[in-house]
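What follows is calculated from the coordinates using simple rules that are stated; it is not laboratory data. Bear in mind the structure is a predicted one, so any value in this text is a computation, not a measurement. When we count neighbours, we look across all protein chains shown, and the Cβ atoms used for this are built from the backbone with ideal geometry, even at glycine.
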Amino acid sequence: MTANPSNAAPVDPSLAAAAQIPLQTFTLPTFPPEAQNLKSLTLTSDIALNAYHSLLSDSTFSPETAIPPLPRCIESLTLELFSLGYPPGWLTQLSRRLPNTKDLVVYSQLLGGITAESQADAERFFENLRGLRGLHLLDVFAKPGFYGAIGDILWAERDTEQQAGELGVRKRLLFLEVNFTFQPRQKEFLGTLPGKELHRLVTPSLVTCAFNVSPADVTNDPQDPTNLTEEGEELASGKEEGVRTLEGNLAEKLVEALVKDESRPRGLKVLNTTLYILTVTQFGKLLEAHQGLLMVSASIKEDGSAEKWKKDVRDAALHCPELEQIEVVVVPETQDASAEHLKSTSINLVSSWKREDIVELQEKCPKLTGVKVNLLRMQSAGVTDWIKEEDGSWTSQPEGTVKSK
């Protein structure tokens, strides 16, 4: 079910399980009463930038009339491309219309808006989503304090049935994903991220916990704005490859939240901390605290010789006998150098992972199916990517095929 589909046959509302609605204003259409099988709703901003500010400041706007009753069977909600946020009260009204939301995806926007009123509205939105089990915040930026406030809401004491009222008893979050796409043309990009607050999102109920940084799409088009500096000039060596990660002691609070007894997830299966730089010691501490992990991805600081560093990383992984996949993002001593310099000084940390390393790891982790090691996710630096085939052999692009014991 899609509003205003182009060249597409209409879908019977009674059969539709998902709906995607592009919005040019903040007013939602009325759903037909037959749409009682809808499970997923995606709202995508198609609001012209020159109209966005006036819509946000419209004093006559009424969220109650802008969002009519919605099918209460909807359990998954996606909000896309609302770059400047929402009118005050809109998100609160949306949460009231969708009280059974279990999974929330927010993509590419300033979720808390540009005013204090909008940020308070966004916080009420999370307070009202009592049944939320999965939270995915993808390139979601906010003013300082917003992510911390969301963390406080996730940590709120569970209401009794009598206290809950019409919104119901708050469930515990199981799946948490926070992702930021690295923007090389923004010189202070890392400084815009809520690195000091994200640890407050960690709760004991999590099964998946991901704080990821991903590379921007690469093109060879000199007119592509992501190939240009903020001043509009072409980047010195084309697009800066890969990612850069949060430095300093920012990882300390995250590691503490993941290992201390009050906040440590009890049944964690998937862990991704690539947004933060970990020392080998911190990496080992995390894996020792979560020995049931199936998948782990981490950015780990270069330290000492390649062989010793590799052994320390491999030994840390041995804490997790159920491990199936591991990704190690190698972080050089400095991230500020040119891509060519980074490759020339640190590539051996990637290429040093040989057959015997994978075999030794698999002996302790028999369910292992993949090992990936890369330098700041830079494709041109080469990637050691070992994959276990169905016949038991291990295939690696730089190493060819080797047989496991």
Q: Determine the gain in length on full extension of the stretch GLU307-LYS171; use 0.36 nm per residue of separation and subtract their C-alpha separation, reporting nm with one decimal.
A: 44.4 nm
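May I ask for the net charge around PRO71, where only other residues with Cβ less than 15 Å from the Cβ of PRO71 are counted and Lys, Arg are +1 while Asp, Glu are -1?
Summing Lys/Arg as +1 and Asp/Glu as -1 gives +2.
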Q) Which whole-number percent gives the relative contact order of the chain, counting Cα pairs below 8 Å spaced six or more residues apart? A) 8
Q) How much net charge surrounds GLN109 when only other residues with a Cβ under 9 Å from its Cβ are counted (Lys, Arg +1; Asp, Glu -1)? A) -2
(Q) Can you tell me the mean projection area, over all orientations, of the convex hull of segment 46-116's alpha carbons? Units nm², please. (A) 5.0
Q | Burial ordering of VAL328, VAL350, fewest other beta-carbon atoms within 10 Å first | A | VAL350, VAL328
Q) Looking only at GLU64, GLU262, GLU240, which one moves most when the chain is put into a Gaussian network model with springs between Cα atoms under 10 Å? A) GLU262
Q: Compare the peptides 356-369, 106-119 by average per-residue count of other Cβ atoms within 10 angstrom and give them in order, highest first.
A: 106-119, 356-369
Q | Value of [θ]222 nm, deg cm²/dmol, for the chain, DSSP H segments ≥ 4, -39500 (n - 2.57) each, nearest 500 | A | -6500 deg cm²/dmol
Q: For the pairs LYS196/LYS311; LYS171/LYS301; LYS301/LYS343; LYS308/LYS343, note any where the Cα-Cα span goes beyond 26 Å.
A: LYS196/LYS311; LYS171/LYS301
Q) Taking a ≥ b ≥ c as the square roots of the eigenvalues of the Cα gyration tensor of segment 1-173, is the shape rounded (a/c under 1.5), prolate (a/b larger than b/c) or oblate? A) oblate
Q: Choose one answer from ASN348, ASN50, ASN37: the residue with the largest mean-square fluctuation in a GNM of the chain with alpha-carbon springs under 10 Å.
A: ASN50
Q: Take every Cα pair under 8 Å in segment 1-173 that's 6+ residues apart, average their separations, divide by the length, and report that relative contact order as a whole percent.
A: 16
Q) Roughly what would the spin-label model give for VAL259 and THR44, points 7 Å off Cα along C-beta, in nm? A) 4.4
Q | Most positive-pole-ward Cα, ALA317, ALA298, ILE347, against dipole of segment 295-350 from beta carbon charges | A | ILE347
Q: Could you check which residue among SER338, SER40, SER299 shows the biggest mean-square fluctuation in a GNM of the chain with a 10 Å Cα cutoff?
A: SER338
Q. Tell me, what is the Rg over Rh of the chain, with Rh the Kirkwood radius over Cα pairs?
A. 1.00
